[in-house]
1. What FRET efficiency comes out for L597 versus S491 if R0 is 51 angstrom and r is the Cβ-Cβ distance? Round to the nearest 0.05.
2. So what's the net charge close to S66: Lys and Arg +1, Asp and Glu -1, counting the other residues with Cβ under 15 Å from its Cβ?
3. Using 21 Å as the Cα-Cα cut-off, could you pick out the over-long pairs in K130/K206; K14/K194; K69/K334; K69/K206; K566/K596?
4. Which value at 222 nm does the chain reach when only helices count, each DSSP H run of 4 or more adding -39,500 (n - 2.57), with the total divided by all residues and rounded to the nearest 500 deg cm²/dmol?
5. Just the number, please: carbon plus sulfur as a percent of the accessible area of the chain, 1.4 Å probe, no ligands or DNA/RNA counted.
6. If I take every Cα pair under 8 Å that is 6 or more residues apart in the chain, average their sequence separation and divide by the length, what percent do I get for the relative contact order?
7. Note the full-extension length gain between T243 and T37 as 0.36 nm times their separation in residues minus their Cα-Cα distance, in nm to one decimal.
8. Kindly state, to the nearest 0.05, the FRET efficiency for V28 paired with Q214, given R0 = 22 Å and r defined as their beta-carbon distance.
Amino acid sequence: MVIVLERSISDGDKERVRAYLAARGFKVREIIGEQETILGAVGIVPVDIREVELLPGVARVIPITSPYKLASREFRREDSVIAVGPVRIGGPRVVVIAGPCAVESREQVLESAELVRGSGAVLFRAGAFKPRTSPYAFQGLGEEGLRYLKEAGERYGMPVVSEIVSPEHADMLRDYVDVLQVGARNMQNFELLKRVGGLGRPVLLKRGFAATIQELLMSAEYLLASGSDRVILCERGIRTFETATRNTLDLSAIPVVKKLTHLPIIVDPSHGTGLRAMVSPMALAAVAAGADGITVEVHPDPDHALSDGPQSLHPGQFEKLMRDIEALAPVLGKEVARLPASDACVPRGGRGPAVGAAGRGDSGAPARVAFQGERGAFSEHAAHLHFAAEVEAVPEPDFRAVFEAVLQARARWGIVPVENSLTGSIHQNYDLLLQYPDVRIAGEQKIRIVHNLIGYPGTAIASIRRVYSHPQGLAQCAAFLDAHPGWERVSWDDTASAVRHVAETGERANAAIASEEAARVHGLAVLRQAIEANPQNYTRFVVIERDPGGEGEPEPASGRTGRPDKASFCFVTADRPGALFAALKVLADRGLNMKKLESRPILGRPWQYQFYLDVDVPADRAAFDAAVAALAGATEDLRVLGIYRAG
Ligand code: PEP
Ligand code: MN
């Protein structure tokens with residue numbers, strides 16, 4: 001059962017509830033959520049729920065009806081996010097695990113790790129104990145293989161995943177790997193599950209090829225009940241009558257699993273299809289279906305692999321797959337998970353000295369990122385997507401307050417929108433970048449904007465009379481709203497506060513247009529999804545930070561290559577013929593690719609204009625710096641707003 005505690009419960013009362021449950025043989029777990037604190041209690045002794053409800057400090061008790069308890073959505077409504085070193089699995093990220101089927105040699109595993117890391121994988125996989133169908137097939141290098149695997153993970157800064165096949169190996173594996181994989185053949189090896197669950201390591205649990213989804217969840221329950229709190233599920237294909245593929249990849253399991261459990265689920269298209277040509281299409285389909293990530297077999301030389309060569313991607317194919325996933329993720333409102341460049345947490349393109357390896361500031365708390373709006377705002381979503389590690393998103397009332405928070409070091413970073421793909425630049429933030437010369441752009445994040453009609457749960461759309469949103473939200477959903485001519489459209493400060501207002505009015509005829517997250521934060525329901533007229537609706541945010549002042553190069557970014565590849569400038573030209581042409585000629589002569597040029601009136605100088613310019617930063621940094629110096633010579637008041645990694 002799930003025991004929801006009153007917000008004001010005292011420590012003493014909480015202890016008494018725990019003691020009551022423990023005395024009746026219940027295992028108790030406390031989950032501190034954003035909205036409420038709950039105790040999950042699992043046991044075999046029947047207890048009268050009403051008795052628990054009467055305990056001081058208990059708000060309500062919800063029985064868990066599914067046969068799996070700790071794994072069920074009833075136990076935990078929010079998605080679980082599993083931490084593996086600097087990587088977070090679950091939530092708005094797509095995690096890519098890659099590597100060869102098996103560790104074959106030290107060289108092979110080092111080469112594999114280097115190439116998959118280079119393409120953007122965040123976890124490295126390879127088996128040292130291989131459960132093979134034939135006893136004569138390669139069985140893996142055992143502990144020697146684990147040593148090579150660990151070396152590769154450490155050298156390339158990637159947590160490693162490897163399979164455990166016997167409870168006897170548990171202690172040994174714990175010394176070498178970050179995530180223990182329980183393979184399809186062992187999904188129902190309950191003694192193994194109990195042993196692995198007790199190790200305190202994250203576990204990747206693969207679905208057996210003849211197992212139902214419910215059986216998979218029961219196996220996850222074994223792990224959780226044995227003490228594990230970090231379980232990742234994996235769909236890897238099931239046996240059907242079909243012979244054209246090695247297995248039938250059951251992608252329909254993804255939405256089913258998402259409904260039934262809070263645990264993340266990833267997909268293995270390599271074992272799921274058994275054929276290289278099918279791996280990338282199914283990997284993309286898995287991401288599109290909502291998987292939290294994929295695990296793929298990649299080999300430097302698949303034709304000579306000791307196991308599963310025919311389903312292993314060539315390095316170039318993997319590189320292409322990563323690029324495709326990168327393009328797909330924003331469509332789904334997600335971001336491909338990245339490893340921090342060093343062991344510091346940095347935004348893509350930013351510097352990271354203030355935040356340690358776990359993404360925490362010196363005080364041990366997560367680094368703070370200021371955003372404009374309220375909980376559930378699109379800006380908050382962008383902040384969480386942007387940073388590889390956990391950050392605390394701090395709401396500020398307006399854009400200027402975000403800049404102030406950064407300047408006064410109340411927040412390590414800020415995030416502000418600068419451009420929407422449908423409605424153009426958000427000039428106020430460009431103006432603020434100029435007004436705050438000590439603040440600079442440290443990174444960039446693009447997100448897809450999906451608007452939803454949000455109201456009271458169960459409300460019929462026909463009974464709505466009034467809709468609140470930010471003017472842009474109303475404008476972007478005009479086609480939908482036009483179909484309801486009787487509705488009053490009310491402009492509000494921002495989308496998330498419109499949802500809060502609707503929740504506060506208590507009126508079922510009121511609705512708001514905002515993100516799904518805003519509905520969740522304020523306990524309202526999405527009545528109609530994706531009502532924006534144009535699905536190609538993206539907003540570009542910039543991450544801002546305090547400029548430490550002429551310290552030269554920014555630190556390497558946390559992106560794939562780590563190199564800042566975009567720069568933003570503002571400049572004024574002299575009032576004479578050809579002045580702008582002269583500035584642009586500098587770019588042309590030096591081979592700099594311009595991404596954006598926009599003119600804006602200069603505040604306080606009517607009918608005079610300044611220009612905003614974005615360019616690609618080439619690999620040759622010295623040449624770029626020389627070009628910037630030349631540009632400064634051809635313009636007036638050249639300001640470098642930031643040199644960062646494009647998002
Ligand atoms: C593997 O991932 O290497 C493996 C053997 O997978 P499965 O257990 O899904 O067959
Ligand atoms: Mn394999």
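1. 0.95
2. +3
3. Among K130/K206; K14/K194; K69/K334; K69/K206; K566/K596, the Cα-Cα distance tops 21 Å for K14/K194; K69/K334.
4. So the helix-based figure for the chain works out to -8500 deg cm²/dmol.
5. It is 53 percent, rounded to a whole number.
6. Rounded, it is 10 percent for the chain.
7. 69.2 nm
8. Taking R0 as 22 Å, the efficiency between V28 and Q214 is 0.30.
The values are calculated or read from the model by the stated rules, or taken from the named source; none is laboratory data. Keep in mind it's a predicted model, so treat the numbers as computed, not measured. Cβ sites come from the backbone with ideal geometry, for glycine too, and all protein chains shown count toward neighbours. When the accessible area is computed, the model is the full protein with side chains, heavy atoms only, and any ligands, DNA or RNA have been set aside. Shrake-Rupley method; radii C 1.70, N 1.55, O 1.52, S 1.80 Å.
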